[in-house]
1. At 222 nm, what value in deg cm²/dmol follows for the chain if DSSP H runs of at least 4 each add -39500 (n - 2.57) and the sum is divided by all its residues, to the nearest 500?
2. Tell me the GluC sites (Glu not before Pro) within region 5-78 that lie in a loop according to DSSP and have at most 10 other beta-carbon atoms within 10 Å.
3. Report the percentage of all Cα-Cα pairs in the chain whose separation exceeds 13 Å, rounded to a whole percent.
4. Compute the acute angle (0 to 90°) between the alpha-carbon long axis of helix 27-37 and the principal axis of greatest extent of the alpha-carbon atoms of the chain; round to the nearest 10°.
5. Which one of Gly39, Gly48, Gly12 has the biggest mean-square fluctuation once the chain is modelled by GNM with Cα springs under 10 Å?
6. With angles folded into 0 to 90 degrees, how steeply does helix 2-19 sit against the dominant principal axis of the chain? Use alpha carbons for both and round to 10.
7. Applying 1/(1 + (r/R0)^6) with R0 = 35 Å to the Cβ-Cβ distance of Thr26 and Lys2, what FRET efficiency is obtained, to the nearest 0.05?
8. Over the chain, with a Gaussian network built from C-alpha contacts below 10 Å, which listed residue (Thr26, Thr55, Thr15) shows the highest mean-square fluctuation?
Amino acid sequence: MKKLTMVALFIGALTISLSSCRDQKTEKEELIEEMQDKGADIKIKDDGDKIKMETEDEKIKIKTDDDGNVKIKEKDKD
């Protein structure tokens, strides 16, 4: 009985730890997927450091500097 309780506690702890470690998308990844769904023209330059995406009504630029900081510029075409 004690062994069964220990196994149940171990499985419960393992389940909680694995479910809390799910991959979460960054804002950059979400924007890229959203623009792909809209059928945007996507241009990637400099080993992925600069990404330009453009649809009929929207333009987005994503830049990553040497420190890993991400800058996102969004413009509506008018």
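Derivation of every value follows stated rules applied to the coordinates shown; laboratory data play no part. In this text, all values refer to a predicted model and were calculated from it rather than measured experimentally. We place every Cβ from the backbone using ideal geometry, glycine too, and count neighbours over all the protein chains shown.
1. Taken over the chain, the calculation gives -12000 deg cm²/dmol.
2. In loop regions of region 5-78 (DSSP not H, G, I, E or B), the sparsely surrounded GluC sites (Glu not before Pro) are Glu56.
3. 74 percent
4. With both axes taken from Cα atoms, the answer is about 70 degrees.
5. Ranking Gly39, Gly48, Gly12 by mean-square fluctuation puts Gly12 first.
6. Compared with the principal axis, the helix lies near 0 degrees.
7. About 0.20, to the nearest 0.05.
8. Thr15
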